[in-house]
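All remarks here apply to the structure that follows.
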Amino acid sequence: MKKYNFKIDSSSQTVSFKISPLLFPKAVILQAAYHFIEDGKVVVEGEDKIIIVTIIPNKAVTKSDLEELAYEFNIQLISSFVEGEESKKHAKIRETMLKAAVLPQTPPSFSRSTPPPAYRSPAPLSATPPDVKLPPSEQSYFKKEVK
Amino acid sequence: MLGSIGQKTQLINEFFPFPLGSGILVTTRHGGWNILSNDEYQLLKSGKINEGSELFKKLEEAGIILTPKGMRKAVNDLRIQNNYLYLPTAYHVIAVNNQCNFNCIYCHPDATPRENEMKIETAKKVLDFIFSIPIQKGCQIIIEGGEPLLKWDLVKFIFEEGRKRAKEKNLQFRFSFTTNLSLMTDKIAKEIQEMGITPCVSFDGPKDLHNKHRPFVGGEGSYDKVIYWFKKLKNDYKINVHAIPVITNISLQYGPEAIIDEYLKIGEKIIFFKPFRASGRALSSFQELKMEPEDFYNFWKKGVEYCLALNKKGIEVRELDASYFITNILSPQRRSMCHRRPCGAGFSILSYNYDGTINGCDATRGQGFLDLGHVDKDDYPAIRSRALPLATLSPDLTPICSSCPFMAYCRHCLSDVYGRENGLYPKIPRSFECHWQKAAFEYLFKKISEDSKDAQILLGWRQDHPEFSNRSQSYVQTTS
């Protein structure tokens, strides 16, 4: 069998991966492993040069099931990597939008201070970013809140 | 070609694709969305979209392409979605006792027949606390228990005192209480009528099912009593009483149609298929109550389909989760605090236990992990500052959610997460709520993208104010 980054042990019903952190960042490996916590027990161990991930499925599986799991894990590794890269690429847009949305609202004062703590009412909703207008119904927010 | 931020006036926003039928659903972090053909999606991926083309216009309108105009709309949507984090708490749930004459299989506060009730001094302190909050428009007080009718005098006191204080502060005042109805009398019914308040009743559907879920402490079923009083309050006293069912694995065996039919029989037009929460007594019966997400989703979907079929026959009825999900898809307004992320716990809602403990939500009362303080020693700024870390439960900061196409629309109940995971952070790969809601969103997006009567009905279930703009105006207009 061609050698890949995984090893299937049919007797112990496990599949193990040897992944170099030089190829995938640790965060990506952990994120990919996280996706499999519903399918079985997931063990991550290793050191600087190699990370070993072992998945022990919750139920009895065949060798081909384990092989399938191994390929799924590899797909997840790549997906997690791509998602991370995409997220980094858009970080500036995300920050810009969130800042514009959130910063104009003065958060209430939550800290205790002397003189006695005064709760500052939130800034009026009219304090919106330029050209951003809230619908009138938002001004009477209370009327619409339900649980 | 589209430029990058700071250099050109338009750029492609971060987007999340999801295959939907023969097309691709594309969503954004702020909730804008559209459904593209495969060819259109390839153009989007390559960034080669002609300005002025139809595709450009619909992507701009959904905030997938950000022009100055689209950016303003996206920012506005984000502001509206997160506005509740900045507003003073206006929704307050007071537990007047934890004593109950029922022995419900899933009782969330784990109420017992033992006497444990709120003292009048504590009730006054709770009201002092509530009315110390700089509420701008009005406040809403909900009374819970145990069974509040066991402490009816205290309920009346809180109502009178709350109404008086609200009037002094020129605030609108809303008041309601949840009850099992079993201790209702004509005298109390008359008083409720005079108070002009709306009780909410727990009612789980067909007699056999309701009695299994909600027996008296002695084991006898409570269905007959509940039905008798529900109808009497509605018909004789003209009280606007409402009911909510709790869904467990036992409910699944009866099917959604049986529950909807029972609700229609008592004149209810809104059914909330609310899965039981993993808290209180539900934890000791967890194996019996536990539902697989797929099974619950199929039950919910069947229920929605049944509601749609009834609507087509002229019977107006709707499922509430579907209603809020549709609202979240179409609008940035999060009217239901349970359908926000982070949820409203500690921000929009506070709960007060009978001993004066302040908790982030009535659902987490009794679980202990969200006790934020006590009315004897804490003021509102202290409570809000302790709730602040809950803001980190936003989907942007939750692994897997942060790249999910449905992150802008779903919900997660803190109480349920804590009960299942013994922690605040949802473990998404094994989350009950995530699994069934993902399927539900796929179903709803498919439904509303069809040019059908079903789509029209579902779009009519939205709960927000009509002035809120659609997230994907042109799309919805086309389909409806």
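Descriptive notes on the structure:
- Single residue of the stretch B:356-378 satisfying the filter (of a type in the set (Gly, Ala, Ser) and touching a Gly at 6+ places or on another chain (Cβ under 7 Å)) that is nearest to B:Pro389 (Cα to Cα): B:Gly360
- Taking the stretch B:81-100 as the range and being touching a Leu at 6+ places or on another chain (Cβ under 7 Å) and either touching a residue at least 60 places away in the same chain (Cβ under 8 Å) or facing chain A (nearest Cβ under 9 Å) (or both) as the test, the residues that pass are B:Thr89, B:His92, B:Val96, B:Asn97.
- Only residues that are within 14 Å of another protein chain (Cβ to nearest Cβ), in contact (Cβ under 8 Å) with a residue 40 or more places away in the chain and among the basic types (Lys, Arg) were counted in the stretch B:130-171, giving 1.
- Among the residues of the stretch B:257-292, the ones that are within 15 Å of B:Ser431 (Cβ to Cβ) and surrounded by fewer than 19 Cβ atoms within 10 Å (Cβ to Cβ) come to 2 in all.
- Boolean, B:Gly373 is in contact (Cβ under 8 Å) with a residue 24 or more places away in the chain, within 13 Å of chain A (Cβ to nearest Cβ) and under 24 Å from B:Tyr86 (Cβ atoms): no
- Test: residue in the stretch A:49-68 that is more than 19 Å from B:Pro395 (Cβ to Cβ) and touching a Pro at 6+ places or on another chain (Cβ under 7 Å): yes
- Only listed residue being closer than 25 Å to A:Glu86 by Cα, touching a residue at least 24 places away in the same chain (Cβ under 8 Å) and not polar (S, T, N, Q), chosen from A:Ala60, A:Ala27: A:Ala27
- Being in contact with a Phe, Trp or Tyr (Cβ under 9 Å, 6 or more places away or on another chain) and either more than 8 Å from chain B (Cβ to nearest Cβ) or modelled with pLDDT of 85 or more (or both) is a property that does not hold for A:Ile93.
- Contacts under 8 angstrom Cβ, first residue in the stretch B:345-358 being within 14 Å of another protein chain (Cβ to nearest Cβ), partner acidic (Asp, Glu) and surrounded by fewer than 24 Cβ atoms within 10 Å (Cβ to Cβ), 6 or more apart: B:Ser348/A:Glu145
- Search result, residues across the stretch A:18-33 that are in contact with a helix residue (DSSP H, G or I) (Cβ under 6 Å, 6 or more places away or on another chain) and part of a strand (DSSP E or B): A:Ile19
- The residue that is most open to solvent (accessible area, probe 1.4 Å), counting only those in the stretch B:390-406 that are part of a helix (DSSP H, G or I) and within 11 Å of another protein chain (Cβ to nearest Cβ), is B:Asp396.
- Checklist (1) in a loop (DSSP other than H, G, I, E, B); (2) within 29 Å of B:Ile141 (Cα to Cα); (3) open to solvent by 50 Å² or more (accessible area, probe 1.4 Å) applied to B:Tyr418, failing item: (1)
- Entry remark, the stretch B:311-348: residues being of a type outside the set (Ser, Thr, Tyr), open to solvent by 10 Å² or more (accessible area, probe 1.4 Å) and part of a helix (DSSP H, G or I) number 4 in total.
- Unique match (being of a type in the set (D, E, K, R) and either within 16 Å of the chain's Cα centre (by Cα) or within 11 Å of chain B (Cβ to nearest Cβ) (or both)) among A:Asp65, A:Asp39: A:Asp39
- Single residue of the stretch B:145-199 satisfying the filter (assigned to a strand (DSSP E or B) and of a type in the set (Val, Ile, Thr)) that is least open to solvent (accessible area, probe 1.4 Å): B:Thr179
- Checklist (1) more than 28 Å from B:Gly162 (Cβ to Cβ); (2) open to solvent by less than 30 Å² (accessible area, probe 1.4 Å); (3) in a helix (DSSP H, G or I) applied to B:Gly63, failing item: (3)
- Filter pass, B:Leu127 being open to solvent by less than 10 Å² (accessible area, probe 1.4 Å) and either within 14 Å of another protein chain (Cβ to nearest Cβ) or over 22 Å from the mean Cα position of the chain (by Cα) (or both): yes
- The residue pairs whose first member lies in the stretch B:445-461 and is free of Cβ contacts under 8 Å to residues at least 60 places away in the same chain and under 21 Å from B:Pro19 (Cα atoms), whose second member is open to solvent by less than 60 Å² (accessible area, probe 1.4 Å) and among the β-branched types (Val, Ile, Thr), and whose beta carbons are closer than 8 Å, counting only pairs six or more residues apart or on different chains, are B:Glu450/B:Thr479; B:Asp451/B:Thr479; B:Ala455/B:Ile448; B:Ala455/B:Thr479.
- Positions within the stretch B:25-57 being away from chain A (no Cβ under 14 Å) and closer than 16 Å to B:Ile329 by Cβ, in sequence order: B:Leu25, B:Trp33, B:Asn34, B:Ile35
- Filter pass, B:Asn180 being over 22 Å from the mean Cα position of the chain (by Cα), more than 14 Å from every other protein chain (Cβ to nearest Cβ) and in contact (Cβ under 8 Å) with a residue 60 or more places away in the chain: no
- Condition check for B:Arg386 on (1) open to solvent by 20 Å² or more (accessible area, probe 1.4 Å); (2) part of a loop (DSSP other than H, G, I, E, B); (3) basic (Lys, Arg): one failure, at (2).
- Checking each residue in the stretch B:112-131 for being touching a helix residue (DSSP H, G or I) at 6+ places or on another chain (Cβ under 8 Å) and either part of a strand (DSSP E or B) or modelled with pLDDT under 95 (or both) picks out only B:Glu117.
The values are calculated or read from the model by the stated rules, or taken from the named source; none is laboratory data. Since this is a predicted model, take the numbers as computed values, not measurements. In this analysis, Cβ positions are derived from the backbone assuming ideal geometry, glycine residues included, and neighbour counts consider all displayed protein chains. To get the accessible areas, we keep the full protein, side chains included, count just its heavy atoms, and leave off ligands, DNA and RNA. Shrake-Rupley method; radii C 1.70, N 1.55, O 1.52, S 1.80 Å.
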